[in-house]
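Some notes on the structure that comes next.
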Amino acid sequence: MNTNYLDNLKILYSRQEIEVAVARLAAEITREYQARNPLILGVLKGSFVFMSDLVRRLDFSLETDFVQLSSYSRGTSSAGKIKMVQDIKATVKGRDVLVVEDIVDTGKSLAFLADYLQKKNPESLRFCCLLDKPSRRQVPVTVHYRGFTVPDKFVVGYGMDYAEQYRNLPDIYILSDDKK
Ligand code: IMP
Ligand code: MG
């Protein structure tokens, strides 16, 4: 029996395709934010790889911070209820805040975060997501910067996990159903 940990993964986006998408997003973000010293806020854990590639392409003054939310306890089905596991440390009031997310699925995490951050009176608030799964949306959210629109499949790699596995993969894969 072959027990390679990459069994049952099918490539969706190669590292080269991801790089092109990240460069495009960075160019769009640069146009809007280069004179605004924005706060780039990564949502842990899933965004850590995307965030690090993205901010290294933003060649202007900015601040970074992270929040951690929990929604998926384990596995692929949403628990539905969002909790703040690690709170923001930077000042939000009066800042241009750009939230960086790995993937928008039901929209519950971003809706929660939008509500939470708006109460802190940012100058502006926008969302940048590498992947968007609009067919799964339960709560409407506006995604201002989007890498790819993906089908209703569970994806892993490039920071995204299944039960905390696969975050280290440089490419993005579809996890086949019999693995879930
Ligand atoms: P939402 O609150 O349902 O939009 O879920 C958002 C979070 O669930 C994302 O930030 C991911 O961390 C996780 N998630 C949703 N879909 C996937 C997926 O296909 N693979 C890995 N994580 C996912
Ligand atoms: Mg996430």
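The values are calculated or read from the model by the stated rules, or taken from the named source; none is laboratory data. It should be emphasised that the depicted structure is a prediction, and the values quoted were computed from it without experimental measurement. Reconstructed Cβ throughout: ideal geometry from the backbone, glycine too, with neighbour counts over all protein chains shown. SASA here: full protein model, heavy atoms, side chains in, ligands and nucleic acids out. Shrake-Rupley method; radii C 1.70, N 1.55, O 1.52, S 1.80 Å.
Key figures
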| read-out | value |
| --- | --- |
| Within the range 14-58, considering residues that are touching a helix residue (DSSP H, G or I) at 6+ places or on another chain (Cβ under 6 Å) and open to solvent by 40 Å² or more (accessible area, probe 1.4 Å), the one farthest from ASP171 (Cα to Cα) | ARG57 |
| Set LEU25, LEU41: member being modelled with pLDDT of 95 or more, closer than 12 Å to LEU98 by Cβ and part of a helix (DSSP H, G or I) | LEU25 |
| Residue check, ILE11 in contact with a strand residue (DSSP E or B) (Cβ under 9 Å, 6 or more places away or on another chain), in a strand (DSSP E or B) and open to solvent by 80 Å² or more (accessible area, probe 1.4 Å) | yes |
| Strands (runs of 3 or more DSSP E) (entirely within the range 93-180) containing at least 2 residues that are open to solvent by 20 Å² or more (accessible area, probe 1.4 Å) and of a type outside the set (Phe, Trp, Tyr) | 96-104, 124-132, 145-149 |
| Sole residue being under 20 Å from PRO170 (Cα atoms), near ligand 1 (Cβ under 7 Å from one of its atoms) and touching a residue at least 60 places away in the same chain (Cβ under 8 Å), chosen from VAL150, VAL155, VAL104, VAL100 | VAL155 |
| Hey, LEU6 hydrophobic (A, V, I, L, M, F, W, C) and touching a Gly at 6+ places or on another chain (Cβ under 9 Å) or not | no |
| VAL67 aliphatic (A, V, I, L, M) and modelled with pLDDT of 95 or more | yes |
| Every residue from the range 44-65 that is away from ligand 2 (no atom under 11 Å from the Cβ) and assigned to a strand (DSSP E or B) | GLU63, THR64, ASP65 |
| Number of the condition not met by VAL97 [criteria: (1) over 17 Å from GLY157 (Cβ atoms); (2) touching a Ser or Thr at 6+ places or on another chain (Cβ under 8 Å); (3) at pLDDT below 95] | (3) |
